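Take a look at the structure below.
Each reported figure results from applying straightforward, stated rules to the coordinates on display, with no laboratory input. Note that the coordinates shown come from a computational prediction; the quantities given were computed from them, not determined experimentally. Heads up, the Cβs are rebuilt from the backbone with ideal geometry, glycines too, and the neighbour counts pull from every protein chain shown.
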Amino acid sequence: MRILIVEDDPLLGEGLLAGLRQAGFSAEWVRDGQSGLDALRAERFEAVVLDLGLPRVSGLDLLHQLRRGKDAVPVLILTARDSGQDIITGLDGGADDYMVKPCDLGELAARLRALVRRAVGIASPLLEYGELTLDQAARKVAFQGKPIDLSPREFALLEQLLLNAGRALTRNRLEETLYPWGAEIESNALDVHIHHLRRKLAPDLIRTVRGVGYLIPK
């Protein structure tokens, strides 16, 4: 799952970036509101972690611009502002969740997973598809009742395909899920991960959509 962090504090930003990546997210970080808007207009993210006191464009202004533009990306406000009125203003301004700094990284990760699931119409924390089960929190996969050992990138790829079952995902979108900004990606890297998933699970689980990418049929 690809997450954008918009946070101007360098220590907190670095900590959130490292923590969310360790939790299995494909996280990117920008340090001001205008850069956040630019990133969201140029690329696709599954959710946003948004500070309020940002330079150039404030967090609330960024949120208002997103919602006025009909962008429904889930937004979790993470801020030091802890008054009841601040929380009301943030949620009524279009945020989907609100947390006060300092926060527990495990709780933040769980809230982000829940936001992304709800955005695609999935209620259960277990992603199930026939005899396949993926536990997002425990980061475990089972097929036909047996545990399957996946690499972190194989897990992230399978998770993204299951969250979007029935929708063909482009190669570019899947690569963005697996690799951070600026990473050098070998031309066949995605195909190798798909091959490994098919071998470990079922050959016909993931279908190739010629000229587009891949999907798990619904």
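Please check which bits of segment 51-88 a label hung off E107 would reach, taking the label as a point 7 Å along Cα-to-C-beta and the cut-off as backbone N under 20 Å.
Taking a point 7 Å out along Cα→Cβ of E107, the residues of segment 51-88 whose backbone N falls under 20 Å are 51-53, 75-88.
Over the Cα atoms of segment 90-174, what radius of gyration and what Dmax do you get, in Å?
Values for segment 90-174 (Cα only, Rg and Dmax): 14.8, 45 Å.
For segment 13-157, just run the numbers: alpha carbon Rg, then divide by 2.2 N^0.38 Å, N being how many residues it has.
1.13
Give the separation of the Cα centroids, segment 38-64 to segment 152-195, in Å.
Each part reduced to its Cα centre gives a spacing of 24 Å.
What do you get for Rg/Rh of segment 126-215 when both radii come from the Cα atoms and Rh is the Kirkwood radius?
Rounded to two decimals, Rg/Rh equals 0.94.
Report, in deg cm²/dmol and to the nearest 500, the calculated mean residue ellipticity at 222 nm for the chain, where each DSSP H run with n ≥ 4 adds -39500 (n - 2.57) and the sum is divided by the residue count.
Computed mean residue ellipticity for the chain: -12500 deg cm²/dmol.
Taking R0 as 45 Å, what's the FRET efficiency between V100 and A202 from their Cβ-Cβ distance, rounded to 0.05?
With a Förster radius of 45 Å, E is 0.50.
What FRET efficiency would be calculated for the residue pair S58, A119, taking the C-beta separation as r and a Förster radius of 41 Å, to the nearest 0.05?
With a Förster radius of 41 Å, E is 0.95.
Once you have the Cα-Cα distance between R68 and E43, take 0.36 nm times their residue separation minus that, and quote the gain in nm to one decimal.
7.2 nm
Identify, among L60, L205, A18, the residue whose Cα sits farthest towards the positive end of the charge dipole of the chain, taking +1 on the Cβ of Lys and Arg and -1 on the Cβ of Asp and Glu, with the dipole about the Cα centre.
L205
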